[in-house]
Structure formats: structure tokens, C-alpha cells
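Taking it in order: structure first as C-alpha cells, then the write-up.
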Amino acid sequence: MTTSDIQSRSDDLARTAVTLRAERGFNCAQAVACALAPEVGADFEACYLLSEGFGAGMGGHQETCGAISGAVMALSHLNSSGTETSGTTKVATYRLVHELVQRFGEMNGTTRCAELKGIGCDHDPLRSCPGCIEDAVRIAVDIIARREPAE
């Protein structure tokens, strides 16, 4: 996969993720993780299963947006060296995640599901779930395209 390949598919990947939520009932985390699964060499079904509890701001707690959680899973799968060299890639993966969360928050004003939806706040919704999914996918794709492989 070259940088231009994934970047040129960013909009298609975002549409795929939104469609998974709208047409197949995936939560936001599942939609993002599963749309990015082929791009990061992850198993689609495993991503679906592992991300199920992260929807609605981690299982309905309305905390960190599920779309962010799904993108974190994809970035982690791509960057981690696995158990053979346990712990050696955490810092680099945390840098990728930090960038994702920071950019998402700057783009949308928050990373909290409740605030994004306008629940329990003194403001209207800041961003729809489909919009959050699109943003998380596009930011993750940009990070993937620019990342330096783990050593």
C-alpha cells in the first residue's frame, strides 16, 4: 500500500464506514474499525467483535466517541509489533493515537460523545454520528499514509 493509494480512497473509506452504520446497524466504533480493517491488515469479523462494546462512548457511557475508539483500534493494529516484542511499539502507537484524538477534538470541539450529540449540555449537537465517523476515518487515513513503520 502506497501513501497515495490510501489517501485517494479516504472518501470511499469514510462512505463505507457510514454505510456500515446506516445499513448494517454497526455502532460508530465498529463502522470505523471494520472500514479500516483491510487497510491495516486486520480481520473484519475480529474488528467487529472487539469494537462492539466501544459504541455510544464506550458502551453507552457517552464518553470518548466510538468513532475515535474504532480508529484507535485500527492504528494500534497497524503499528503494534505484537507479543513477540511486547511493549516495544507502545510509545510510537501512543503518538499516533495522540494525534488522532487531538485533531478530532480540534475539528469538532470535543471528543466526548455526549457533547458531540448535545446530550446534557447547554448547546445543540456539535457533530452527527455519521460526521464523526467520517472525521475519524479521514484523520486515521491521513495518519496511516504519513506514518513511519514501527521498528
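Per-structure values
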{"read-out": "Residues S86, S76 arranged by fewest to most Cβ contacts within 10 Å", "value": "S86, S76"}
{"read-out": "Cβ-placed point charges (K, R +1; D, E -1), dipole of the chain about Cα centre in debye, nearest 20", "value": "120 debye"}
{"read-out": "Residue order, fewest to most surrounding Cβ atoms within 10 angstrom, among I119, I144, I68, I133", "value": "I119, I144, I68, I133"}
{"read-out": "Whole-Å distance, taken between Cα centres, linking the range 82-151 and the range 1-63", "value": "12 Å"}
{"read-out": "The chain: calculated mean residue ellipticity at 222 nm from DSSP helix runs of at least 4, using -39500 (n - 2.57)", "value": "-20500 deg cm²/dmol"}
{"read-out": "Helix 129-146 axis, angle to the chain major axis (alpha carbon atoms, nearest 10°)", "value": "20 degrees"}
{"read-out": "E106, E115 arranged by Cβ crowding within 10 Å, fewest neighbours leading", "value": "E106, E115"}
{"read-out": "Mean Cβ neighbour count within 10 Å, used as a protection proxy, ranking 31-40, 13-22 highest first", "value": "31-40, 13-22"}
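Rule-based calculations on the coordinates, nothing more; no lab input. This structure is a prediction, so every number in the text was calculated from the model and none was measured. Cβ: placed from backbone, ideal geometry, glycine included. Neighbour counts: every protein chain shown.
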